[in-house]
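Engineer: Submitted below is the structure of interest, expressed as structure tokens.
The values are calculated or read from the model by the stated rules, or taken from the named source; none is laboratory data. These numbers come from a predicted model, not from an experiment. Reconstructed Cβ throughout: ideal geometry from the backbone, glycine too, with neighbour counts over all protein chains shown. In case anyone asks, the SASA skips ligands and DNA or RNA and just uses the protein heavy atoms, side chains included. Shrake-Rupley method; radii C 1.70, N 1.55, O 1.52, S 1.80 Å.
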Amino acid sequence: MSWKLSRAAVQLREQIDDCYPERSRKSDGALGDARHSARKSDHNPDANGWVRAIDITATLGDNLDETADLVEQIRKYAKRAKRKRISYVIYNGRIASPILNWKWRKYRGSNPHKAHFHVSFTQLADEDGSFFEIPMLGGNDERSQENGRKLGEDLPSDRTSDLSRSRTGCRCDCKCGSSISLA
Ligand SMILES: [Zn+2]
């Protein structure tokens with residue numbers, strides 16, 4: 001059966017690839033393998049062929065702190081976004097979803113998700129590949145978006161175009177190449 005990956009999943013993975021072009025893809029995944037298809041999983045195509053999950057290898061930068069930071073930003077985005085395109089996130093033995101309003105909970109599945117993190121997407125996101133406003137992926141957080149809008153209204157048009165250009169992807173705002181030293 002032919003399958004297609006949720007547009008939101010494609011977009012999120014592209015933003016991650018833009019910010020971490022050198023990242024390992026060893027534990028990346030989208031379409032479920034035989035083991036997945038034996039059980040219910042967003043990695044399996046639904047009746048219309050939609051796959052609504054991606055796995056991203058956990059070694060993004062030089063150390064795992066950076067991965068934990070990014071997963072945390074994805075979780076916060078999922079919580080605050082008005083349009084709910086993300087349905088849950090799993091990483092390092094924890095899961096966050098609308099249950100308990102996106103608080104981390106212990107993940108009891110057989111795979112603790114240490115080698116990769118998992119993001120599942122809602123049906124709403126199938127055709128919606130719009131940009132994810134996630135700070136480490138070149139986006140703004142909610143507060144700076146509000147400031148940006150206010151600034152944009154007051155600024156002359158040449159400055160406004162600068163603002164919009166800075167939001168098109170990972171340029172200088174994200175942590176590409178920067179390393180956080182382990183305490
Ligand atoms: Zn997965």
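Engineer: Using the structure shown, decide if SER27 is out of contact with any His (no Cβ under 8 Å at 6 or more places or on another chain) and small (Gly, Ala, Ser).
Structural biologist: no
Engineer: Which numbered condition trips up PRO21, out of (1) over 25 Å from GLN123 (Cβ atoms); (2) in contact with a helix residue (DSSP H, G or I) (Cβ under 9 Å, 6 or more places away or on another chain); (3) open to solvent by 40 Å² or more (accessible area, probe 1.4 Å)?
Structural biologist: Going through the list (1) over 25 Å from GLN123 (Cβ atoms); (2) in contact with a helix residue (DSSP H, G or I) (Cβ under 9 Å, 6 or more places away or on another chain); (3) open to solvent by 40 Å² or more (accessible area, probe 1.4 Å), PRO21 breaks only (2).
Engineer: What residue, among those in region 88-110 that are of a type in the set (Gly, Ala, Ser) and under 15 Å from ILE74 (Cβ atoms), is surrounded by the fewest Cβ atoms within 10 Å (Cβ to Cβ)?
Structural biologist: Within region 88-110, the match that is surrounded by the fewest Cβ atoms within 10 Å (Cβ to Cβ) is SER97.
Engineer: Continuing with the same structure: Check off (1) modelled with pLDDT of 95 or more; (2) out of contact with any Pro (no Cβ under 9 Å at 6 or more places or on another chain); (3) of a type in the set (Gly, Ala, Ser) for SER110 and give me the number that stays unchecked.
Structural biologist: (1)
Engineer: So ASP55 clears everything in (1) touching a residue at least 12 places away in the same chain (Cβ under 8 Å); (2) outside any helix (DSSP H, G or I); (3) away from the ligand (no atom under 14 Å from the Cβ) except one condition, right? Which one?
Structural biologist: (3)
Engineer: Restricting the search to region 38-48, which residues are more than 19 Å from PRO112 (Cβ to Cβ) and surrounded by 12 or more Cβ atoms within 10 Å (Cβ to Cβ)?
Structural biologist: ASN44, PRO45, ASP46
Engineer: Determine if region 69-83 includes at least one residue that is assigned to a loop (DSSP other than H, G, I, E, B) and either on the phi > 0 side of the Ramachandran plot or open to solvent by 30 Å² or more (accessible area, probe 1.4 Å) (or both).
Structural biologist: Checking region 69-83: at least one residue is assigned to a loop (DSSP other than H, G, I, E, B) and either on the phi > 0 side of the Ramachandran plot or open to solvent by 30 Å² or more (accessible area, probe 1.4 Å) (or both).
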